[in-house]
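The values are calculated or read from the model by the stated rules, or taken from the named source; none is laboratory data. None of the values given here were measured: they were computed from a predicted structure. Here the Cβ positions follow ideal geometry from the backbone for every residue, glycine too, while neighbour counts run over all protein chains shown. Note: areas computed on protein heavy atoms with side chains; ligands, DNA, RNA excluded. Shrake-Rupley method; radii C 1.70, N 1.55, O 1.52, S 1.80 Å.
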Amino acid sequence: MRLNILDFGADKSGKTLSTAAVQSAIDKCPENGCVYVPEGVYICGALFLKSNITLFLEKDAVIKGSSSACDFPVKTYRWEGRETECYSSLINAGIDTDGASGLIIEGAGTIDANGAELFRQEMEERKGARGRAVCIRNSSDIRISGVTIRQSPAWCLHLINCRNVEIDNVKIHTKYDEQGNRYAGIFNGDGIDCDSCKNVYITNSFIASQDDCIAIKSGKDAEGRNAAMGSENIHISDCRFESGFGVAIGSEMSGGVKNVTVRNCIFNNTFSIGSVKTCRGRGGVIEDILFENVELCNIDTEHTDCKWFRGGIYIDSYYSNDEISKEKQPVSEETPLIKNITFRNAKVDTCGGNAIYISGLPEMHCENITLENISATGKYGMKAYFTDNLNMKNVKVSAHEGENYVFEEVTHS
């Protein structure tokens, strides 16, 4: 059964609020039915989806976030690795429920969270952390395809404790619109965040991000370790990324992250292809990560090497620290470990930072890092610290400034 939101009183002109009409269509949609959004602009506050329905957005259909923060009630979400009060997202599922399953969001239409306006209001009110464009929690068997998602107050598409997710042919814009106009004031504008998720496939998609294009997370510090909800089996392929910081593992990774693959992807004016990042206090293990057949060309000088981002390829156990401390600290449950990381068949050409950067901790070295068939040019060359079993095969590095290679406490396999 297909339920047209116009039949429930939605206003396609974008002049009046359509939240109640669209929510009514969702609530009355039978199992395996479809909520149909025809061409038009529909202004909505927070909408809450349920199991076993399809939300279909026709070409030139736009669900646009209301310009009033009061239309997005404050609820409990996970944000930056911790449970906290947040403004609701524009599209929600599995919030205040046991989760949703069999949910589909598809079509050639657009979900526009009106983030520039809501960012300003939510930051002024501070009743909670900023909302997202789409947030799906505790859910399984999810498919999102074809749609454009843009202009979130914070992260754009946030998946929390989800299983069996397919994201295909999705376009995400968190920094610029399709015409290249920058969204004013937004920061933390990640594209997709897979947060304690398993069996996720992201394919054939385009992400132009203000921050991490895709981030793989699993909770932060003691709360994340106690929750013990890891991320694993995340597969990203045949995607294109522009602006932002590429595919990031961490830094909230205390529940562990393993078995992530990134294949056949192009990175244009992103700061990085891939980052694996953590710091003391996190604990947890990042392991079995593969980037393969990937290419970065970055001529954007907006960002440069600093504590938040280190280069075209980087593995960093000192994320968010201004300096590398060479003094060992006691090993405990708060000590993170990075191991079994491979970059293969990669080309890096960046003006923004190090071509390659690798750093473990003095008390917990990175283990089993493989670089194979790599051509990398950066403002700086390759730096590696506190790493055991660094395996380099056919690696060529060139620095515009300084030495091509700087190694300290590194063993080679």
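Picking from Cys44, Cys86, which residue would you name as being touching a strand residue (DSSP E or B) at 6+ places or on another chain (Cβ under 9 Å), buried (at least 20 other Cβ atoms within 10 Å of the Cβ) and within 15 Å of Ala10 (Cα to Cα)?
Cys44
From the list Ile338, Ile313, which one is buried (at least 20 other Cβ atoms within 10 Å of the Cβ) and either aromatic (Phe, Trp, Tyr) or over 19 Å from the mean Cα position of the chain (by Cα) (or both)?
Ile338
Scan region 299-308 and tell me whether some residue there is surrounded by 11 or more Cβ atoms within 10 Å (Cβ to Cβ), touching a strand residue (DSSP E or B) at 6+ places or on another chain (Cβ under 9 Å) and part of a strand (DSSP E or B).
no
Given the residues Ile324, Ile286, which is the only one that is hydrophobic (A, V, I, L, M, F, W, C) and open to solvent by 10 Å² or more (accessible area, probe 1.4 Å)?
The match here is Ile324.
Based on this model, can you work out whether Gln179 counts as part of a loop (DSSP other than H, G, I, E, B) and crowded, with 24+ Cβ neighbours inside 10 Å?
no
Which ones in region 218-244 are more than 17 Å from Ile273 (Cα to Cα) and either of a type in the set (A, V, I, L, M) or under 11 Å from the mean Cα position of the chain (by Cα) (or both)? Spell out the reasoning first.
From region 218-244, those more than 17 Å from Ile273 (Cα to Cα) are 218-233; that's our starting set.
Selection gives Ala222, Ala227, Ala228, Met229.
Just checking, which of Ile105, Ile111, Ile91, Ile63 is in contact with a Phe, Trp or Tyr (Cβ under 6 Å, 6 or more places away or on another chain), open to solvent by less than 30 Å² (accessible area, probe 1.4 Å) and in contact (Cβ under 8 Å) with a residue 40 or more places away in the chain?
Only one candidate qualifies: Ile63.
Test Asn264 against the stated conditions and say whether it is assigned to a strand (DSSP E or B) and closer than 25 Å to Arg82 by Cβ.
Considered against the rule, which asks whether it is assigned to a strand (DSSP E or B) and closer than 25 Å to Arg82 by Cβ, Asn264 comes out as no.
For the subset of region 365-413 comprising residues that are outside any strand (DSSP E or B) and within 21 Å of Phe309 (Cα to Cα), which member is least open to solvent (accessible area, probe 1.4 Å)?
Applying the first criterion (outside any strand (DSSP E or B)) to region 365-413 yields 365, 379, 400-404, 413.
Filter again for within 21 Å of Phe309 (Cα to Cα), leaving 365, 379, 400-404.
Details: His365: 37, Lys379: 53, His400: 125, Glu401: 92, Gly402: 71, Glu403: 129, Asn404: 65 Å².
So the residue we want is His365.
Residue by residue, here is whether (1) of a type outside the set (D, E, K, R); (2) out of contact with any Leu (no Cβ under 8 Å at 6 or more places or on another chain); (3) part of a strand (DSSP E or B) holds:
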site	(1), (2), (3)
Leu3	yes, yes, yes
Leu6	yes, yes, no
Ala10	yes, yes, no
Thr16	yes, yes, yes
Ser24	yes, yes, no
Asp27	no, yes, no
Pro30	yes, yes, no
Cys34	yes, no, yes
Val41	yes, yes, yes
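Do you know which residues across region 196-227 are at pLDDT 95 or above, of a type outside the set (Asp, Glu) and part of a loop (DSSP other than H, G, I, E, B)?
Ser196, Cys197, Asn204, Ser205, Cys213, Ser218, Gly219, Lys220
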